Amino acid sequence: MVDLAPYRAVLASRIRAQRSHRASFRLDLGSSVLVGFVELAEIAVLFLTVDRLGGLDLAAIVLVFGIADMSFSLADMVFGHCDNLPTYLKAGTLDVFYLRPQPLLAQLVTSDISLRRLARAAVGLAALVAGLVVNDVAWSLANAVLLVLAVVSGVVTFSAMFVWAGGMQFFLVDGYEATNAFVYGGRYAATQPASVWGRPLVVVFGFFFPMAFTAYLPTLTLLGLPGSDWLPGWLGWFAPVAAVWAWVLALASWRTGVRHYQGGGG
Amino acid sequence: MSTATQTVIETRGLGRDFRVREGMRRRTVVALDALDMRVEAGEAVGYIGANGAGKSTTIKMLCGILVPTRGEVLTCGHRPVPDRRRLAREIGVVFGQRSQLWWDLPTAESFRILAAVHGLDAAREKHRTGELVERLELDEFLTVPVRQLSLGQRMRAEVAAALLHSPRLLILDEPTIGLDVLSKQRLREFLVAERREHGTTLLLTTHDMGDVERLCDRVLLVDRGALVYSGTLAGLSRTVGAERVMVLDLAEPLPPLQVAGTTHRGSEGGTGGLGLRQRLAFDPAATTAAKVLAAVTEQLGAGNEVLDLAIEEPDVEDVVRRVYAARR
């Protein structure tokens with residue numbers, strides 16, 4: 001049985017600290033909501049000139065955006081501060097983690113939580129609900145399960161991206177810009193119809209970092225759309241497999257990174 | 001529990017290399033060559049050496065932060081890297097430059113979190129926190145966020161944080177660096193009392209000879225990644241003839257003082273070879289501060305007097321330099 005008290009104690013203190021700065025917390029919440037709506041508006045504006053994008057109409061895209069954005073925001077809330085690893089490395093915070101009897105990664109993940117991401121997740125949820133209303137979903141138990149599976153797998157997949165990027169920071173000095181291209185680029189890709197991607201992008205964000213599995217493919221499956229040769233509609237059911245694969249990548253990257261930190265050099 | 005014969009730290013041929021990149025080329029730097037050291041339970045050991053001699057590297061390998069390149073290491077009977085999490089329950093570490101505390105939280109809250117981290121039950125947490133707060137005089141700033149603490153206050157809080165889970169071994173890396181005389185004194189007194197009470201083994205690195213003198217039974221001196229001396233500080237000082245320096249502030253400037261048994265080490269605050277502040281180095285084994293002062297007072301003319309005086313203790317750096325010089 002894993003003792004969760006150490007993690008709870010740290011997280012509870014982080015939450016209290018964030019709520020004690022009420023004004024800045026509200027400002028953070030407000031700006032998060034604003035950015036979310038701007039991104040949604042961006043898509044709507046695009047559809048002023050086209051009717052369909054990669055085989056999806058505006059309604060379907062809103063659903064893709066909703067699933068992807070909500071999943072990403074929830075993952076970002078819990079795992080997003082893995083981005084701070086370079087700061088932790090420089091400040092020696094990581095060395096302090098070594099002095100505590102918990103696994104390093106578990107300590108890093110629970111060292112902070114960004115409650116303001118909840119606002120962003122709320123925007124995603126709003127888009128998701130709107131998407132479900134405006135689309136013609138043939139509701140069945142299978143489709144309900146698919147939707148839940150998609151959101152949960154999405155959160156897990158995006159979380160893995162943060163951990164993967166964290167592991168890479170051990171090698172790359174000031175390399176978070178490079179990994180951000182995949183983490184935040186991946187998030188952006190996940191909100192787009194993957195059918196418009198070129199072949200290299202399908203390889204990178206379709207399969208290697210399985211971004212297409214977080215929202216686009218489950219949406220195809222949910223709406224009964226055919227998809228493309230490389231990414232057929234029924235692949236939406238494989239979102240959990242993609243999530244497992246993403247964690248294989250993440251843990252491999254993390255373990256190699258930690259070994260490098262302890263063993264390799266500098 | 002009988003701890004008298006237990007070995008707390010044992011290393012054999014412990015070494016660590018770093019690969020550094022210089023432009024396109026890669027070079028291997030030996031941070032620690034082959035260290036053999038042993039620390040028994042209940043000992044207080046000063047681990048000294050010049051910057052870059054491998055002190056921090058050693059400590060990181062003792063805690064399981066770095067993987068040794070060669071050799072063996074056992075800390076509290078554990079292999080630090082594979083058994084890191086078990087080891088963490090038995091050691092407390094203060095790295096002078098990196099904090100264990102949460103900078104935006106009150107000290108008391110950091111202690112509560114650390115108690116949860118180490119799985120202390122409520123009774124033990126209350127007892128131990130109370131004990132440390134009282135002995136380190138933390139109550140005056142327990143509710144102040146850590147970022148607002150003075151360096152001396154923060155250091156006392158750091159030491160308490162490292163000792164909260166009653167570790168068998170306490171490792172302090174430069175605990176008194178930057179502290180004022182009073183803060184140093186309080187911290188040293190606390191450490192002496194803590195060790196008397198709980199028998200905690202202590203390993204400390206420092207540049208401050210006062211730390212070593214007042215806290216350590218034994219000194220380990222490391223040079224170029226290998227142990228070159230193990231024994232008492234007095235023995236080390238004898239081998240290198242470490243001196244003390246008396247700093248005298250005079251009312252009227254004088255030419256360099258010539259006092260038997262001392263060496264003049266410079267004057268300041270005067271013109272034409274005269275000095276208001278003068279430094280005299282003496283060997284404490286050959287003479288005493290009182291004798292030196294008496295001799296100085298005799299030499300002062302009428303109307304002149306010693307306004308202030310300080311004794312500078314030999315710097316660890318200085319002793320280390322002398323040992324190194326003797327070896328080369």
Sort out which residues of the stretch A:49-92 are within 10 Å of the chain's Cα centre (by Cα) and among the charged types (D, E, K, R), and write them in order of number. A:D69, A:D76
Residues of the stretch A:18-42 being more than 16 Å from A:L118 (Cα to Cα) and over 19 Å from the mean Cα position of the chain (by Cα), in sequence order, are A:S20, A:H21, A:A23, A:A41, A:E42
Is it the case that the stretch B:96-111 has a residue that's touching a residue at least 12 places away in the same chain (Cβ under 8 Å), at the interface with chain A (Cβ under 8 Å from one of its Cβ atoms), of a type in the set (A, V, I, L, M, F, W, C) and not in a strand (DSSP E or B)? yes
Within the stretch B:113-124, restricting attention to residues that are over 19 Å from B:V146 (Cβ atoms) and within 11 Å of chain A (Cβ to nearest Cβ), which residue is surrounded by the fewest Cβ atoms within 10 Å (Cβ to Cβ)? B:D121
Can you tell me which residues in the stretch A:213-266 are without any contact (Cβ under 8 Å) to a residue 24 or more places away in the chain and buried (at least 17 other Cβ atoms within 10 Å of the Cβ)? A:L217, A:L220, A:G233, A:L235, A:Q262
Looking only at the stretch A:18-38, and only at residues there that are more than 14 Å from chain B (Cβ to nearest Cβ) and buried (at least 16 other Cβ atoms within 10 Å of the Cβ), the one that is nearest to A:V64 (Cα to Cα): A:G36
Among residues belonging to the stretch B:237-262 that are of a type in the set (V, I, T) and not in a helix (DSSP H, G or I), point out the one that is farthest from B:A193 (Cα to Cα). B:V259
B:L220: in contact with a helix residue (DSSP H, G or I) (Cβ under 8 Å, 6 or more places away or on another chain), hydrophobic (A, V, I, L, M, F, W, C), buried (at least 20 other Cβ atoms within 10 Å of the Cβ) and at pLDDT 85 or above, yes or no? no
From the set of residues in the stretch A:63-85 that are of a type in the set (S, T, N, Q) and crowded, with 20+ Cβ neighbours inside 10 Å, which is nearest to the other protein chains (Cβ to nearest Cβ)? A:S73
Return yes or no: is A:Y88 within 14 Å of chain B (Cβ to nearest Cβ), buried (at least 22 other Cβ atoms within 10 Å of the Cβ) and among the hydroxyl-bearing types (S, T, Y)? no
Looking at the stretch B:67-81, which of the residues that are assigned to a strand (DSSP E or B) and charged (D, E, K, R) is nearest to the other protein chains (Cβ to nearest Cβ)? B:R70
Confirm whether B:V93 is facing another protein chain (nearest Cβ under 7 Å), without any contact (Cβ under 8 Å) to a residue 12 or more places away in the chain and surrounded by 20 or more Cβ atoms within 10 Å (Cβ to Cβ). no
Take A:I15 and tell me if it is away from chain B (no Cβ under 14 Å) and surrounded by 12 or more Cβ atoms within 10 Å (Cβ to Cβ). no
Looking only at the stretch B:260-289, which residues are more than 33 Å from the chain's Cα centre (by Cα) and of a type in the set (V, I, T)? B:T271
Any chance the stretch A:45-62 includes a residue that's in a helix (DSSP H, G or I) and over 30 Å from A:S195 (Cα atoms)? no
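Condition check ((1) loosely packed, with under 14 Cβ neighbours inside 10 Å; (2) without any contact (Cβ under 8 Å) to a residue 12 or more places away in the chain; (3) not in a loop (DSSP other than H, G, I, E, B)) across all residues:
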| position | (1), (2), (3) |
| --- | --- |
| B:Q278 | no, no, yes |
| B:A281 | no, no, yes |
| B:A285 | yes, no, no |
| B:A290 | yes, yes, yes |
| B:A294 | yes, yes, yes |
| B:T297 | yes, yes, yes |
| B:A302 | yes, yes, no |
| B:A310 | yes, no, yes |
| B:V320 | no, no, yes |
Do we have B:R25 as surrounded by fewer than 23 Cβ atoms within 10 Å (Cβ to Cβ), touching a Gly at 6+ places or on another chain (Cβ under 6 Å) and either of a type in the set (D, E, K, R) or in the same structural domain as B:G231 (by TED's automatic domain parsing) (or both) here? no
If I go through the stretch B:143-167 residue by residue, how many of them are more than 14 Å from B:T129 (Cβ to Cβ), buried (at least 17 other Cβ atoms within 10 Å of the Cβ) and either basic (K, R) or not assigned by TED's automatic domain parsing to the domain that holds B:R186 (or both)? 1
Identify the residue in the stretch A:91-118 that is closer than 19 Å to A:E39 by Cα and buried (at least 20 other Cβ atoms within 10 Å of the Cβ) and, among all such residues, is nearest to the other protein chains (Cβ to nearest Cβ). A:R116
Could you say whether any residue in the stretch A:144-157 is touching a strand residue (DSSP E or B) at 6+ places or on another chain (Cβ under 8 Å), in contact (Cβ under 8 Å) with a residue 40 or more places away in the chain and assigned to a helix (DSSP H, G or I)? no
Of residues in the stretch A:230-266 being among the hydroxyl-bearing types (S, T, Y) and within 14 Å of chain B (Cβ to nearest Cβ), the one nearest to B:D17 (Cα to Cα): A:Y261
Test: A:Y176 is of a type in the set (S, T, Y), surrounded by fewer than 18 Cβ atoms within 10 Å (Cβ to Cβ) and within 18 Å of the chain's Cα centre (by Cα): no
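The values are calculated or read from the model by the stated rules, or taken from the named source; none is laboratory data. Worth saying up front: this structure is predicted, and the values here are computed from it rather than measured. Methodologically, a virtual Cβ is constructed for each residue, glycine included, from the backbone with ideal geometry; neighbour enumeration extends over all protein chains shown.
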